[in-house]
1. Go through the residues of region 102-115 one by one and say whether even a single one is small (Gly, Ala, Ser), open to solvent by 20 Å² or more (accessible area, probe 1.4 Å) and touching a residue at least 40 places away in the same chain (Cβ under 8 Å).
2. Could you list, in sequence order, all residues of region 133-145 that are free of Cβ contacts under 8 Å to residues at least 60 places away in the same chain and in contact with a helix residue (DSSP H, G or I) (Cβ under 9 Å, 6 or more places away or on another chain)?
3. Any idea which of 131, 106 is closer than 16 Å to residue 49 by Cα and not hydrophobic (A, V, I, L, M, F, W, C)?
4. How many residues, within region 1-30, are assigned to a helix (DSSP H, G or I) and either on the phi > 0 side of the Ramachandran plot or charged (D, E, K, R) (or both)?
5. Do the conditions hold for residue 62, that is, is it small (Gly, Ala, Ser), more than 14 Å from the chain's Cα centre (by Cα), closer than 30 Å to residue 153 by Cβ and surrounded by fewer than 23 Cβ atoms within 10 Å (Cβ to Cβ)?
6. Can you tell me which residues in region 31-47 are touching a residue at least 60 places away in the same chain (Cβ under 8 Å) and either crowded, with 23+ Cβ neighbours inside 10 Å or not in a loop (DSSP other than H, G, I, E, B) (or both)?
7. Out of all the residues in region 65-98, which are loosely packed, with under 15 Cβ neighbours inside 10 Å and under 23 Å from residue 33 (Cα atoms)?
8. Counting just the residues of region 159-191 that are among the aliphatic types (A, V, I, L, M) and open to solvent by less than 20 Å² (accessible area, probe 1.4 Å), which one comes out modelled with the lowest pLDDT?
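The values are calculated or read from the model by the stated rules, or taken from the named source; none is laboratory data. Worth saying up front: this structure is predicted, and the values here are computed from it rather than measured. Note that we place each Cβ from the backbone using ideal geometry, even for glycine, and neighbour counts take in every protein chain shown. Accessible surface areas use protein heavy atoms only, side chains included; no ligands, DNA or RNA. Shrake-Rupley method; radii C 1.70, N 1.55, O 1.52, S 1.80 Å.
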Amino acid sequence: MISFPDLAATVRALPPSCGPVRVVAVDGPGGSGKTTFAGRLARALGAQVVHSDDFPVPWDESPDAWFGHVEEQVLRPLAAGRAGGYRRYDWARGVFAERVDVPVAPVLVLEGVSTARRAAPVACAVWVEAPRELRLARALARDGAHLEPQWRTWMRAEDEWFAADGTRERADLLVDGAAVPGEFALAASPG
């Protein structure tokens with residue numbers, strides 16, 4: 001078990017992975033608790049979070065469809081020692097909203113499905129998981145019960161993506177996202 005302050009200290013001691021930046025990828029299936037975990041870790045680190053939900057991903061595309069945008073607009077500039085940035089996608093309005101600047105900093109938390117992919121410049125990969133029905137219930141409570149068919153299709157696509165990528169098996173830290181909201185059981189990965 002590890003605390004957020006201890007995890008933050010561990011991350012700060014890692015070598016940079018993307019130019020001068022240590023990228024912490026918080027990955028796992030939808031509804032597992034990634035956003036809450038990433039927020040708590042970012043606060044402990046004094047770091048910014050870039051969320052996959054800041055980018056549009058149509059229901060009928062692969063869960064990793066957004067990643068090319070973050071590579072181009074955030075990770076490549078950071079790797080070159082320059083600030084990155086992007087326009088946040090407003091899901092409620094279906095349009096791009098304000099610009100989000102991503103300065104060169106010691107740590108960046110990258111949160112969302114496929115962030116810990118094999119080719120990502122990650123210093124630390126975190127896998128957050130929760131039982132499937134709990135994840136579905138969380139997603140429907142957030143997004144609306146009318147989206148259940150889309151969410152079930154999306155969950156199958158996530159399963160395929162994670163199986164092909166081997167994401168969980170390569171994680172540095174496994175997190176139980178089924179705990180009480182805001183509380184997490186953190187354990188070092190067995191791999």
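1. Among the residues of region 102-115, at least one is small (Gly, Ala, Ser), open to solvent by 20 Å² or more (accessible area, probe 1.4 Å) and touching a residue at least 40 places away in the same chain (Cβ under 8 Å), which makes the answer yes.
2. Of everything in region 133-145, those that are free of Cβ contacts under 8 Å to residues at least 60 places away in the same chain and in contact with a helix residue (DSSP H, G or I) (Cβ under 9 Å, 6 or more places away or on another chain) turn out to be 140, 143.
3. Details: 131 fails: closer than 16 Å to residue 49 by Cα.
The conditions single out 106.
4. Residues that pass the stated criteria total 2.
5. Answer is yes for this residue.
6. Within region 31-47, 31, 32, 33, 34, 35, 36, 37, 38, 40, 41, 42, 45 qualify.
7. Of everything in region 65-98, those that are loosely packed, with under 15 Cβ neighbours inside 10 Å and under 23 Å from residue 33 (Cα atoms) turn out to be 90, 91, 92.
8. Here the answer is 186.
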